[in-house]
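Structure first, commentary second.
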Amino acid sequence: MTPEPAAKAVSLRETLRAADGPVTLLGYDPGSRPLAPGSKAKALKALASTGEELAAQQEMLYAGGASGDPRRVLLVLQGTDTSGKDGVVSHVVGQVGPAGVRITSFKKPTAEEAAHHFLWRIRRALPPAGLIGVFNRSHYEDVLVTRVHQSIDDAAWAERIADINAFERQLVESGTVLLKCFLHISYTEQRKRLLARLDDPTKYWKFNPADIDERAYWSDYQAAYAAAIAATSTEHAPWYIVPSDTKWYRNWAISQLLRDALLGMELSYPKADFDIEAARARLQPPF
């Protein structure tokens, strides 16, 4: 009797990747921990180990960029207030060399930025070859906040979505590895994190009373995120919905996604473009 073939192991990328077609965030549990390595302690240990891999991969990416390799990585972090975008920057991206990273936080457009196409400021912030770029919020703000607060109509929203898809395809075709992560938290967890900021004087600077006002639009934001994810999760630039109620899981998961993205590039150090032995000979005594 022919034995049954072994079941294919499911990867974290497959597990967290947004489903094709319509998306409803009600189908994704922000408190879940799919494929977690076990306890918090084990996840933190795994995160530290992955950090060493990230640093090694980033150095090869940087070296390649310095030698003419046009490739780069862009990590897009989207999520509601308190979802942990800054935490990912600190605990995941912070493990690689700062020289090879460019982090951009997008706030409300300035008067100059608002006078241009909404992707103008995004293009200006793209990382050069050899770097890992991080967008702490991104071009998606212009199809999320604007939709929730009805500052654009459906036709304008659809036009911006088409612009985003064309822009991201252009990025990928020009050598950018695009990793888009939605940090998915629950309404209850956001409340806990906002209250925690009020309990800690060192976090007052992070608290904005307007965040409480925005909670009144929670359902609208969930719908806006779902619509944007469904419309822009493509084969070349998929979305990953990362359960983020558990901070250590969120950091571990994104570190794995980033590591896998870098490993998929099959990076290596550039070969010498000079005569190694001649250079070694020139450095012999008495030089």
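Based on what the data block shows, is ALA226 of a type in the set (Gly, Ala, Ser), modelled with pLDDT of 95 or more and either within 18 Å of VAL23 (Cβ to Cβ) or not in a helix (DSSP H, G or I) (or both)? The answer is yes for ALA226.
The set of residues from region 69-94 being open to solvent by 50 Å² or more (accessible area, probe 1.4 Å), outside any loop (DSSP other than H, G, I, E, B) and either of a type in the set (Gly, Ala, Ser) or more than 30 Å from THR188 (Cα to Cα) (or both) comprises SER90, GLY94. The residues listed here are VAL101, VAL96; of these, the one that is modelled with pLDDT of 95 or more, touching a Leu at 6+ places or on another chain (Cβ under 8 Å) and among the β-branched types (Val, Ile, Thr) is VAL101. Scanning region 231-253 turns up no residue that is over 24 Å from LEU77 (Cα atoms) and of a type in the set (Ser, Thr, Tyr). A count restricted to region 206-223 and to residues that are open to solvent by less than 30 Å² (accessible area, probe 1.4 Å) and either aliphatic (A, V, I, L, M) or not in a helix (DSSP H, G or I) (or both) stands at 0. Do the conditions hold for VAL148, that is, is it crowded, with 21+ Cβ neighbours inside 10 Å and farther than 25 Å from LEU54 by Cα? Considered against the rule, which asks whether it is crowded, with 21+ Cβ neighbours inside 10 Å and farther than 25 Å from LEU54 by Cα, VAL148 comes out as no. When region 232-256 is filtered for residues that are closer than 16 Å to SER90 by Cα and assigned to a helix (DSSP H, G or I), the ones remaining, listed by number, are LYS247, TRP248, TYR249, ARG250, ASN251, TRP252, ALA253, ILE254, SER255, GLN256. How many residues are out of contact with any Ser or Thr (no Cβ under 6 Å at 6 or more places or on another chain) and open to solvent by 20 Å² or more (accessible area, probe 1.4 Å) if we restrict to region 257-269? So the count comes out to 7.
In the set (1) within 28 Å of ASN208 (Cα to Cα); (2) more than 15 Å from the chain's Cα centre (by Cα), VAL134 fails one condition alone, (2).
The values are calculated or read from the model by the stated rules, or taken from the named source; none is laboratory data. Every value quoted in this text rests on a predicted model; they were computed, and no experiment measured them. As a convention, Cβ positions derive from the backbone with ideal geometry for all residues, glycine included, and neighbour counts pool all protein chains shown. Surface accessibility is based on the protein's heavy atoms, side chains included, excluding ligands, DNA and RNA. Shrake-Rupley method; radii C 1.70, N 1.55, O 1.52, S 1.80 Å.
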